[in-house]
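One structure below.
The values are calculated or read from the model by the stated rules, or taken from the named source; none is laboratory data. These numbers were taken from a predicted model, which means no experiment stands behind them. As a convention, Cβ positions derive from the backbone with ideal geometry for all residues, glycine included, and neighbour counts pool all protein chains shown.
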Amino acid sequence: MTTAPDIQACAKGLYINGQWRPAQGGKVIDVVDPSTEMVLASVPDATLEDASAAVEAAALAAEGWRNTAPRKRSEILRRCFELMTERAEMLATLISMENGKALRDARGEVAYAAEFFRWNAEEAVRITGEFGTAPAGTNRIIVDYQPIGICLLITPWNFPAAMATRKIAPALAAGCTVILKPASETPLTAFALAAIYEEAGVPPGVVNVITTTTPGPLTAAILADPRVRKLSFTGSTGVGRALLAEASKHVISCAMELGGNAPFIVFDDADLNAALDGAMIAKMRNAGEACTAANRIYVQSGIHDAFVAGLAGRMQALKIGAGYDAATDCGPMITKKAVDKIDRLVADAVKRGAQIICGGQIPNQRGFFYQPTVLTEVPQDADMASEEIFGPVAPVSRFETEDEVIARANDTEYGLAAYIYTGDVGRGLRVAGRVEAGMIGLNRGLVSDPAAPFGGVKQSGLGREGGQHHGIAEFMEAKYIATSF
Ligand code: NAP
């Protein structure tokens, strides 16, 4: 099988009711390769009529899908996993082309994304209810779990495959039909995956994919349809807040995976090399464009200088280039706007006293690149200590005590991921308990796992994806039946 993606096949239309069709208004959205700034393909720009057709298709398919035997649903999901795995190299290349991430990262994403189908294929046949006696002894309590209904899924560009499958796989396992609105920058992967679902046997209308340049009005119209019962969103906290307000008008259940500002804490007693390896993963996976990215690196005084020297050496050794060039370690950012934001954050930190140890420049080449950068003495009032950098910039600051670093780690509105490196597991667990985050990497730079609940506290979100029951529970509603017999 060829590993080169057929770009035009991925851009052949909106995917509604199992058919590929142009947008009603005939308009298109250009998809740009961030490594070259060239247009890769154009996808349809959906209108309100297209959105309404997608809801209609999801509604038509709903009854059949919820009544499909769990075993059958499970087998279809398993087939999605197998097809994604067989075509992993093609999908990884496609992700690299439209998102820019290095092939190594794109391969990792495809494996992670496919795993949601395998995991949920296994979960689809294990959805059970509850049966008990009322405390007064007057009746029995039966609790049944039913599919919540039609789901609107909205995903970002930084993980074009995984953020979609992390929602679609549990929704389908639960018996729901869905409308996916992927990010405008990276729609090709979503369409390539839709073709795979169809081949795996997902019936028409169960998954619908629409792309648009007017997500606000379109999603408002979809949420206003009383048949739509769930909004599952992954993206920025600002857009999440606007969507929560919109959904509240119709009392729609919401799951929100929002922004992060992860602290990466290294104590004096940490294994230095393990901490450096972990920091490179937590900071540089996807060139820093991850919600779980280490955004603030706090290093205890005794190990600080050795850590900074090791980190700078590793960052300087990274090769920047097109994601799909096998030699590349660090691909481009998604847009010029993203590069400009990074540049602004670095300039602000330097103005406030930070030192540039390496990088700190926009390289003079085509594409949306930024140099891998290490900063030290980054003050807590620098903009980058409170905003997501979303790029290859590692801001390091020194700390003295456990209490001090916990206070600094928690000094943020976000609470998605946090990382702790220490040789004392007791201290690690104690600090993990006090850091306000939904996920902690203890002596690990990577936390994502379909078998574990992914999600944040504070302004980082509501609900969890993945995990033994959390992910599917988001797409189910408990129905209680009081009965006497
Ligand atoms: P974004 O700007 O919030 O966009 C996310 C999605 O929302 C895109 O599909 C976007 O469509 C859509 N959107 C934008 N405005 C909308 C509106 N008014 N109504 C409805 N939909 C709207 O986020 P992003 O820049 O793509 O992604 C980066 C952010 O996602 C970061 O904050 C990152 O931390 C977060 N993230 C969180 C997680 C997590 O699991 N917690 C995972 C990955 C990323 P368009 O593309 O058409 O604008």
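Residues that are assigned to a loop (DSSP other than H, G, I, E, B) and away from the ligand (no atom under 16 Å from the Cβ) within the range 239-294 comprise 251, 267, 268, 269, 270, 271, listed in sequence order.
Every listed requirement among (1) within 23 Å of residue 404 (Cβ to Cβ); (2) touching a strand residue (DSSP E or B) at 6+ places or on another chain (Cβ under 7 Å) is met by residue 454 save one, (1).
Restricting attention to the range 145-195, the residues being among the small types (Gly, Ala, Ser), farther than 30 Å from residue 131 by Cα and within 16 Å of the chain's Cα centre (by Cα) number 6. Take the residues in the range 48-61 that are touching a Pro at 6+ places or on another chain (Cβ under 8 Å) and among the small types (Gly, Ala, Ser); name whichever of them is nearest to residue 122 (Cα to Cα). The qualifying residue nearest to residue 122 (Cα to Cα) is 61. From the list 473, 478, 451, 482, the lone residue that is under 16 Å from the mean Cα position of the chain (by Cα), of a type outside the set (Phe, Trp, Tyr) and more than 13 Å from the ligand (Cβ to nearest atom) is 451. How many residues does the range 216-270 contain that are of a type in the set (Gly, Ala, Ser), crowded, with 20+ Cβ neighbours inside 10 Å, farther than 29 Å from residue 299 by Cα and touching an Asp or Glu at 6+ places or on another chain (Cβ under 7 Å)? Total meeting the criteria: 2. Residue 324 falls short on exactly one of the conditions (1) without any contact (Cβ under 8 Å) to a residue 24 or more places away in the chain; (2) part of a loop (DSSP other than H, G, I, E, B), and that condition is (1).
Filtered by the rule that a residue be part of a helix (DSSP H, G or I), among the hydrophobic types (A, V, I, L, M, F, W, C) and surrounded by 24 or more Cβ atoms within 10 Å (Cβ to Cβ), the range 85-107 gives 91, 92, 94, 95, 97, 106. If you filter the range 226-238 down to residues that are away from the ligand (no atom under 14 Å from the Cβ) and assigned to a strand (DSSP E or B), you find that the one that is nearest to residue 152 (Cα to Cα) is 230. Of all residues in the range 438-455, those that are at pLDDT 95 or above have Cβ atoms under 6 Å from Cβ atoms of residues that are surrounded by fewer than 17 Cβ atoms within 10 Å (Cβ to Cβ) and in a loop (DSSP other than H, G, I, E, B), 6 or more apart or on another chain, in 438/457.
Every listed requirement among (1) farther than 30 Å from residue 367 by Cβ; (2) touching a residue at least 40 places away in the same chain (Cβ under 8 Å); (3) surrounded by 15 or more Cβ atoms within 10 Å (Cβ to Cβ) is met by residue 142 save one, (3). Within the range 303-314, residues that are modelled with pLDDT of 95 or more have Cβ atoms under 7 Å from residues that are among the hydroxyl-bearing types (Ser, Thr, Tyr) and surrounded by 13 or more Cβ atoms within 10 Å (Cβ to Cβ) in these pairs: 308/376, counting only partners at least 6 apart in sequence or on another chain. It is to be established whether one or more residues within the range 200-213 are farther than 24 Å from residue 67 by Cα, at pLDDT 95 or above and either away from the ligand (no atom under 15 Å from the Cβ) or surrounded by fewer than 18 Cβ atoms within 10 Å (Cβ to Cβ) (or both). For the range 200-213, residues farther than 24 Å from residue 67 by Cα, at pLDDT 95 or above and either away from the ligand (no atom under 15 Å from the Cβ) or surrounded by fewer than 18 Cβ atoms within 10 Å (Cβ to Cβ) (or both): present. Would you check if there is a residue in the range 25-47 being within 19 Å of residue 227 (Cβ to Cβ) and either touching a Pro at 6+ places or on another chain (Cβ under 9 Å) or at pLDDT 95 or above (or both)? So far as the range 25-47 goes, yes, one or more of its residues are within 19 Å of residue 227 (Cβ to Cβ) and either touching a Pro at 6+ places or on another chain (Cβ under 9 Å) or at pLDDT 95 or above (or both). Taking the criterion of being assigned to a helix (DSSP H, G or I) and touching a residue at least 24 places away in the same chain (Cβ under 8 Å), would at least one residue in the range 36-49 satisfy it? Yes, the range 36-49 has at least one match.
In the range 349-367, is there at least one residue being of a type in the set (D, E, K, R), within 16 Å of the ligand (Cβ to nearest atom) and either under 24 Å from residue 291 (Cα atoms) or out of contact with any Ser or Thr (no Cβ under 8 Å at 6 or more places or on another chain) (or both)? No, every residue in the range 349-367 fails to be of a type in the set (D, E, K, R), within 16 Å of the ligand (Cβ to nearest atom) and either under 24 Å from residue 291 (Cα atoms) or out of contact with any Ser or Thr (no Cβ under 8 Å at 6 or more places or on another chain) (or both).
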